[in-house]
Amino acid sequence: MSLKRCLGSMLLVLIGMFSNVLGAFVGVNIGTDVSSMPSASDVVAIVKAHQITHIRLYDADSHMLKALAGSGIEVTVGVTNEEVLGIGESASAAAAWINKNVAAYVPSTNITAIAVGSEVLSSIPHAAPVLVTAMNNLHKSLVAANLNYQVKVSTPQSMDIIPKPFPPSTATFNSSWNSTVYQLLQFLKNSDSYYMLNAYPYYGYTNGNGIFPLDYALFKPLPSVKQIVDPNTLFHYNSMFDAMVDATYYSMDALNMSAIPIVVTETGWPWQGGSNEPDATVENAETFINNLIRRVSNNSGPPSQPTIPINTYIYELFNEDKRPGPVSEKNWGLLFTNGSDVFPLSLSGSSQITGNSTTVFCVAKDDASEDKLRDGLNWACGQGKANCSGIQSGQPCYLPNNIKNHASYAYNDYYQKMHTVGGTCDFDGTATTTNNDPSYGSCIFTGSSNSSTGGGALSPTALGPISSRGSTRLPVSKVQFIISAACLVVVLL
């Protein structure tokens, strides 16, 4: 056996041995409907710069998979919805897909999962009859390539297949899908895989007709009189996110299936929306994402499964401005394509948020009227002599293009220059002071210490390095040492 072959074989064995880890990770989805999509090498550089250790691709792009080689980043590749039927109808098509998109890249590229389609049952129901067959065909091809211990097969499904998710204890899958879902769950259990869930509290809230408060969707604490309690189990739900995950566990139980962990493959919050999407704001997106990271990082599960952490992928890395639909559909990204943050990101699962500062900033109040804000903005940019060039069209702080954002920028510029000589943060009652740095992405507010790198990185504490099934991953240096030692023994033998 050559040393090169030994290294490859030992690495696959070790990845299988150490892929299960204690704890939880937060990963990121990478969509590509972006008009100015960076090159694959630039995307990987951005991912590394933000210390993101788990990513999900919606396809198996060869440029990305090559660029990820040697990075150690755990990668979920995707079978597109257009490919599901062919793979479900042909075992040879599945084998060819594995050879082309997985076997050709491992072990250099750390592919650990295959997501078969995207919300197949709700988006392309005509493919449902062959979905599990497609998954089986892919799994058998992985077995043939001796990759089934490293690479798991699953399929992301939306909350739409659970018609009544609250209370969680009575949730069930849509009965019309029972046969397919049962086969799916049986496959996941037999192959030691996990259920992929796309869970969006944003839609749960905005489509909920006011049933649940916004704070519940944003992981914010609720007053005792507004606690969300399952009347059957008396479990208290501190977030809609937890309730959605638990509803899925209970739906599995209703089919007498258990011991299948859930990985949330998509969740997030849009930071900009149209005039009829008032909850898609930078403030809400920042609150949701940072609270989500803290929630996942505490390594606990939902009330019914407290010992099973909720590994989660945020939707998404970049804003996909080419996506059709409402304004919000184009603005889910954590980062701009130059790698700067849309809003400050939490460095860890603690309460610290990047961007907090001893500097006092002046920003517009949430409940201020637009007319008063417009008057305040005009005064600050005119008589107040604030530098308002940053909020002009095409400039870093122009988006989101709304009166509150522009007023905050102008108010703060005026306040930073004038508060030492008697200038106040009032603007006819429309402004307030805060220690939270309002800078986001490449928009840097006057007085910010965040002028060079933006909002901060998603650190290893927040984003891994932890795999979806659970066990402590050895540092790369130690793995390399073990591999080298083992191969030396082989060579000597």
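Principal semi-axes of the equivalent ellipsoid, √(5λ) from the alpha carbon gyration tensor of the stretch 190-263, are 26, 15, 10 Å from largest down.
Converting phi to 3J(HN,Hα) with the Karplus coefficients 6.51, -1.76 and 1.60 and the offset θ = phi - 60°, the stretch 203-219 yields 6, x, 7, 5, 9, x, 6, x, 5, 10, x, 4, 4, 5, 6, 9, 6 Hz in sequence order, with x at every glycine or proline. Separation of the stretch 83-146 and the stretch 216-265, taken as the distance between their Cα centroids, equals 31 angstrom. On a per residue basis, the stretch 89-145 carries 37 Å² of accessible surface, using protein heavy atoms and a 1.4 Å probe. Average accessible surface for the stretch 231-297: 32 Å² per residue, computed with a 1.4 Å probe over protein heavy atoms with every protein chain in place. With viscosity 1.002 mPa s and temperature 20 °C, the Kirkwood radius over alpha carbon pairs of the stretch 43-106 converts through Stokes-Einstein to a diffusion coefficient of 168 µm²/s. Taken over the stretch 109-260, the ratio of Cα radius of gyration to 2.2 N^0.38 Å equals 1.15. Placing +1 on each Lys and Arg Cβ and -1 on each Asp and Glu Cβ, with no other charges, gives the stretch 33-94 a dipole about its Cα centre of roughly 320 debye. Rolling a 1.4 Å probe across all protein chains gives Y182 an accessible area of roughly 100 Å².
Order the following by accessible area, largest value first: E82, E329, E283. Probe radius 1.4 Å; ligands, DNA and RNA are ignored. All intermediate terms of the calculation are to be shown ahead of the outcome.
Numbers: E82 155, E329 30, E283 85 Å².
Result of the area sort, largest leading: E82, E283, E329.
The share of accessible area on the stretch 42-122 that comes from carbon and sulfur is 50 percent, using a 1.4 angstrom probe. Here the 3J(HN,Hα) profile of the stretch 431-445, calculated from phi with Karplus coefficients 6.51, -1.76 and 1.60 at θ = phi - 60°, is 10, 8, 9, 8, 8, 7, 4, x, 4, 8, x, 8, 8, 10, 6 Hz, Gly and Pro shown as x. If you model the stretch 124-172 as an ellipsoid using its alpha carbon gyration tensor, with each semi-axis the square root of five times an eigenvalue, the axes come out at 30, 15, 7 Å, biggest first.
When W177, W271, W379 are compared by accessible area of protein heavy atoms, the largest-first order is W379, W177, W271, using a 1.4 Å probe.
Taking every protein chain into account, the 1.4 Å probe leaves E277 with about 30 Å² of accessible area, to the nearest ten.
Apply 1/(1 + (r/R0)^6) to the Cβ-Cβ distance of D192 and K417, taking R0 = 60 Å, and write down the FRET efficiency to the nearest 0.05.
With R0 = 60 Å, the Cβ-Cβ based efficiency is 0.45.
For a straight C-alpha distance cut-off of 15 angstrom, the aspartates and glutamates reachable from K140 (same-chain residues fewer than eight places away being disregarded) are E89, D192. If R0 equals 41 Å, the separation of the Cβ atoms of D367 and S258 corresponds to a calculated FRET efficiency of about 0.30. For D192, the solvent-accessible surface computed with a 1.4 Å probe is close to 90 Å², ligands and nucleic acids excluded. Of the solvent-accessible surface of the stretch 269-324, computed with a 1.4 Å probe and all protein chains present, 47% belongs to carbon and sulfur.
Past 30 Å, Cα to Cα: identify those pairs from K330/K404; K330/K385; K100/K189; K66/K322; K48/K100; K48/K417, in the order given. Beyond 30 Å: K330/K385; K48/K417. Ranking R323, R56 by solvent-accessible area of protein heavy atoms (1.4 Å probe, all protein chains present), from largest to smallest, gives R323, R56. Ranking I262, G273, Y237 by how far each Cα lies toward the positive end of the dipole of the stretch 213-297 (charges on Cβ) leaves Y237 at the top. Charged side chains reduced to their Cβ positions (Lys and Arg at +1, Asp and Glu at -1) give the stretch 238-302 a dipole of some 200 debye around its Cα centre. Computed on the Cα atoms alone, the convex hull of the stretch 234-293 gives a volume of 131 cubic angstrom per residue.
The values are calculated or read from the model by the stated rules, or taken from the named source; none is laboratory data. Just so you know, these numbers come straight off a predicted model, no measurement behind them. We place every Cβ from the backbone using ideal geometry, glycine too, and count neighbours over all the protein chains shown. When the accessible area is computed, the model is the full protein with side chains, heavy atoms only, and any ligands, DNA or RNA have been set aside. Shrake-Rupley method; radii C 1.70, N 1.55, O 1.52, S 1.80 Å.
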